[in-house]
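The values are calculated or read from the model by the stated rules, or taken from the named source; none is laboratory data. Quick caveat, the model's predicted, so the values are computed rather than measured. Note: ideal-geometry Cβ built from the backbone for every residue, glycine included; neighbour counts use all protein chains shown. Just the protein is used for accessible areas: all its heavy atoms, side chains included, with ligands, DNA and RNA removed. Shrake-Rupley method; radii C 1.70, N 1.55, O 1.52, S 1.80 Å.
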Amino acid sequence: MNRKYRKTIIAGNWKMNKLPSELKTFSEALKALVPRAKWCEVAVCVPAVMIPGAVRAFKDGKVCVGAQDISAAEFGAFTGECSGAQLADAGAKYVIVGHSERRQNHGETNELINAKVKTALANKLIPIVCVGESLEQREMGVTLEVVTLQIKTILSDITAEQVKKLIIAYEPIWAIGTGKTATAEQAGAVCTAIRALIRGMYGARIARSVTIQYGGSMNGKNAAELLAQPDIDGGLVGGASLDPAEFAKIIMAAQELEE
Ligand code: PGA
């Protein structure tokens, strides 16, 4: 983390878990666990149907609400999709774009993700752009090539001013939901390489200001070590964000490093 230049952001990704009726209990539990003065930037990315309820449940806390996907289209005949305007109007501030589960289960390509990032920015949503390699790619030693291609395609036609507004989440696919975390050094090295790539594309000033999160089995135990890496500015947290106590530990680990 480097608090001087960029924000630390801890974002939960609830995936397809929890019910709208469970929001209030969760928000109250989280609030009780994190001392009031101690909040860093925190978001919870919920299923679209839960966005309005989450905005209500978290309204007096410091937690912002995010969505987990966005349509690349503006409006119209796209059954089952949600537009950027709808997500923003419902109260979302963030939106996860290009999560590996969407790539794997819904065939999302880097080109489609590029279109989604543009739609998110046009609607003043902050995209959390996910990149990361598979186990096979890591074992073949092509992690940086894969991540570079993902980022170059996803950021094509994105201006420097726009890049400053988005978040990049480095999520090695083999670490997601598996309990296998990348070591802090492995994760930190890829995040440093991502920042170097952004520096090459947009210059040092922009690269310094972009928040880069790590995601993949982050939890209350490993968060501090991961977040202590100079180029890891937060976490995109799946499983551990479903439990208020575990999520609070991650938030506090980030906050303690910030102080
Ligand atoms: P995990 O998920 O923390 O459960 O590994 C992270 C993610 O998919 O964003």
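For region 1-25, the set of residues classified as open to solvent by less than 50 Å² (accessible area, probe 1.4 Å) and farther than 25 Å from Gly216 by Cβ consists of Leu23 only.
Scanning region 135-151 for residues that are surrounded by 14 or more Cβ atoms within 10 Å (Cβ to Cβ) and assigned to a helix (DSSP H, G or I) returns Gln137, Arg138, Thr143, Leu144, Val146, Val147, Thr148, Gln150, Ile151. Residues in region 91-109 that are assigned to a helix (DSSP H, G or I) and surrounded by fewer than 18 Cβ atoms within 10 Å (Cβ to Cβ) were compared, and the one that is farthest from the ligand (Cβ to nearest atom) is His106. Just one of (1) under 19 Å from the mean Cα position of the chain (by Cα); (2) part of a helix (DSSP H, G or I); (3) surrounded by 14 or more Cβ atoms within 10 Å (Cβ to Cβ) fails for Gln86. It is (1). Looking at region 26-58 only, could you name the residues that are more than 18 Å from Ile251 (Cβ to Cβ) and either in contact with a Leu (Cβ under 6 Å, 6 or more places away or on another chain) or open to solvent by 90 Å² or more (accessible area, probe 1.4 Å) (or both)? Matches in region 26-58: Val49, Gly53, Arg56.
With respect to (1) touching a helix residue (DSSP H, G or I) at 6+ places or on another chain (Cβ under 7 Å); (2) surrounded by 19 or more Cβ atoms within 10 Å (Cβ to Cβ); (3) closer than 20 Å to Gly235 by Cα; (4) not hydroxyl-bearing (Ser, Thr, Tyr), the lone exception for Gly66 is condition (1). Filtering region 230-240 to residues that are of a type in the set (Asp, Glu) and either crowded, with 23+ Cβ neighbours inside 10 Å or near the ligand (Cβ under 8 Å from one of its atoms) (or both) leaves only Asp233. Screening region 180-229 for residues that are within 10 Å of the ligand (Cβ to nearest atom) and under 18 Å from the mean Cα position of the chain (by Cα) and picking the one that is surrounded by the most Cβ atoms within 10 Å (Cβ to Cβ) gives Tyr214.
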